[in-house]
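K.L.:
Quick one: this structure, given as structure tokens, is what I'll be asking you about.
The values are calculated or read from the model by the stated rules, or taken from the named source; none is laboratory data. Given the structure is predicted, the values throughout are model-derived calculations rather than measurements. Glycine also receives a Cβ, built like all others from the backbone with ideal geometry; neighbour counts cover every protein chain displayed. Accessible surface is based on the protein model in full, side chains and every heavy atom, while ligands, DNA and RNA are left aside. Shrake-Rupley method; radii C 1.70, N 1.55, O 1.52, S 1.80 Å.
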Amino acid sequence: MNLRDIVLNYLTDNEKGMQQLITLFLNDVMNEEVAQQAGVPRYARSSSRRAHRNGYRQRSLKTRFGELSLQKPQLREIPFETKVFDRYSRTEKALVNAIIESYLQGVSTRNVETVVSHLGVNQLSASYVSKVGRELDTKVQEFMEKSLDSYYPYLFVDASYFKVRDDTRYVNKALLVIVGVRTDGHREVLGARVADAEHELTWEGMFSDLKEQGLTKVDLIISDGHTGIQSAAGRMFPGSSWQMCHVHFIRAVLRKVPRKYHKEIAEVLKESLTDSGKLLEYATQLDERGFSRAADTIHRFHHGLMNYRSAPPEFWKKIRTTNLLERVNRVLKRRSKKIGAFPSDASLLRLAGSILIDINEEWITGNRYLSLKNEMISLDTEAADFTAI
């Protein structure tokens with residue numbers, strides 16, 4: 001199929017066309033790799049040849065656009081090595097490892113017997129699980145302990161919960177994740193940790209780890225209304241500001257009023273979040289209507305709702321909520337769905353860490369989260385010309 005046919009397919013069937021386009025690209029990547037390893041382009045003659053081609057072997061690759069069928073080149077004299085499958089195999093290994101580990105420990109997981117039946121009986125040994133686990137743990141640990149820049153203008157902080165087996169019980173444990181936006185506008189996963197719950201000391205420990213890895217200055221920390229995050233951030237990063245996620249704020253207020261008023265109150269809150277005075281006036285109105293708990297919630301978080309406005313206006317939409325991390329959490333939930341309950345803390349961090357490594361690679365090599373025309377982004381750089389993507 002030529003490129004024109006692929007483009008036409010893309011226009012009529014976006015997903016199918018994208019699959020074909022990625023397949024064409026990745027096959028070309030492997031053909032370039034095999035030419036470099038053979039020492040000579042295809043059909044060419046050269047004294048520098050190191051190996052001869054030996055056809056292709058079909059390999060499947062799961063991507064966000066579905067499963068691709070790729071043609072992996074083969075060499076006669078030496079094994080062909082490609083980087084195409086590396087990123088995906090890391091996460092798939094972590095997923096398979098968690099499923100097998102669950103199977104061995106008797107943890108009830110969704111479709112686990114069906115999955116295990118396709119893995120091969122020789123892989124269902126404790127030694128195999130341990131070996132794969134050690135390899136993945138080393139990669140995840142290296143990623144989590146990497147050196148960081150000294151200054152990240154914005155930090156996004158959030159936690160999601162997963163079921164983990166604790167002896168004979170199943171408990172919900174928190175996966176704490178911190179993402180930073182660098183001075184060049186790119187996003188970066190800075191750290192992750194499994195904890196029994198979100199405590200102030202736990203968050204303080206995470207912030208302390210980031211400081212040991214090189215982080216010294218933060219301008220704005222965006223999170224939900226967890227008091228432990230606020231207290232820990234204030235102690236560990238003096239001079240920084242805290243921004244309450246607007247989505248979490250609205251949810252917090254709505255929890256204090258009857259459901260039949262949710263739509264009306266949510267609309268007014270959205271409009272009022274652009275004006276501090278208007279928001280306080282609405283808190284008074286809610287109090288007068290008998291919704292004193294909702295009014296108290298507005299007063300409690302009021303000091304952290306407008307700090308995003310100290311940044312350039314073009315950034316406001318992207319730094320006033322934790323939507324960035326909410327999307328990450330959805331990916332983590334979706335990719336771990338087959339497991340159901342993790343057999344251990346280590347298993348959860350192993351899979352989550354592998355997924356976060358993949359996400360981080362996409363961010364670093366992709367478009368900037370916050371685009372700029374000057375060289376640096378900072379709350380202190382008022383003259384910079386910014387453009388949000």
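K.L.:
Please work out which residue is farthest from residue 311 (Cα to Cα), limiting yourself to region 161-192 and to residues that are of a type in the set (Lys, Arg) and surrounded by fewer than 17 Cβ atoms within 10 Å (Cβ to Cβ). Spell out how you get there, then give the answer.
P.N.:
In the first step, residues of region 161-192 are kept if they are of a type in the set (Lys, Arg); the result is 163, 165, 169, 173, 182, 187.
Next, from what is left, pick out any that are surrounded by fewer than 17 Cβ atoms within 10 Å (Cβ to Cβ): 163, 169.
Details: 163: 38, 169: 46 Å.
Top of the filtered list is 169.
K.L.:
Same structure, new question: Failed condition for residue 223, given (1) under 28 Å from residue 142 (Cα atoms); (2) open to solvent by 50 Å² or more (accessible area, probe 1.4 Å); (3) in contact with a helix residue (DSSP H, G or I) (Cβ under 6 Å, 6 or more places away or on another chain); (4) of a type outside the set (A, V, I, L, M), with all others met?
P.N.:
(2)
K.L.:
From the list 215, 176, 190, which one is outside any helix (DSSP H, G or I) and without any contact (Cβ under 8 Å) to a residue 40 or more places away in the chain? Spell out how you get there, then give the answer.
P.N.:
On the way: 215 fails: without any contact (Cβ under 8 Å) to a residue 40 or more places away in the chain; 190 fails: without any contact (Cβ under 8 Å) to a residue 40 or more places away in the chain.
Going through 215, 176, 190 in turn, the sole match is 176.
K.L.:
Only one of (1) outside any loop (DSSP other than H, G, I, E, B); (2) in contact with a Phe, Trp or Tyr (Cβ under 7 Å, 6 or more places away or on another chain); (3) in contact (Cβ under 8 Å) with a residue 24 or more places away in the chain is not met by residue 185, so which one is it?
P.N.:
Looking at each condition in turn, residue 185 falls short on (1).
Residue-by-condition table, conditions (1) open to solvent by less than 40 Å² (accessible area, probe 1.4 Å); (2) farther than 24 Å from residue 335 by Cβ; (3) at pLDDT 80 or above; (4) not in a helix (DSSP H, G or I):
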{"residue": "21", "(1), (2), (3), (4)": "no, no, no, no"}
{"residue": "46", "(1), (2), (3), (4)": "no, yes, no, yes"}
{"residue": "51", "(1), (2), (3), (4)": "yes, yes, yes, yes"}
{"residue": "69", "(1), (2), (3), (4)": "no, no, yes, yes"}
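K.L.:
Which of (1) open to solvent by 10 Å² or more (accessible area, probe 1.4 Å); (2) within 17 Å of residue 347 (Cβ to Cβ) is the odd one out, the single condition residue 136 does not satisfy?
P.N.:
(1)
K.L.:
Can you tell me how many residues within region 324-349 are open to solvent by less than 20 Å² (accessible area, probe 1.4 Å) and either of a type outside the set (S, T, N, Q) or not in a helix (DSSP H, G or I) (or both)?
P.N.:
10
K.L.:
It is to be established whether one or more residues within region 371-388 are modelled with pLDDT of 85 or more and either polar (S, T, N, Q) or within 24 Å of residue 217 (Cα to Cα) (or both). Give the derivation first.
P.N.:
Step one: filter region 371-388 for residues modelled with pLDDT of 85 or more, giving none.
Scanning region 371-388 turns up no residue that is modelled with pLDDT of 85 or more and either polar (S, T, N, Q) or within 24 Å of residue 217 (Cα to Cα) (or both).
K.L.:
For residues that are surrounded by 11 or more Cβ atoms within 10 Å (Cβ to Cβ) and charged (D, E, K, R), scanning just region 1-14, find the one that is modelled with the highest pLDDT.
P.N.:
Quick first cut of region 1-14, residues surrounded by 11 or more Cβ atoms within 10 Å (Cβ to Cβ) only: 5-10, 13-14.
Right, trim to charged (D, E, K, R) and you get 5, 13.
Details: 5: 63, 13: 54.
Per the criteria, the residue is 5.
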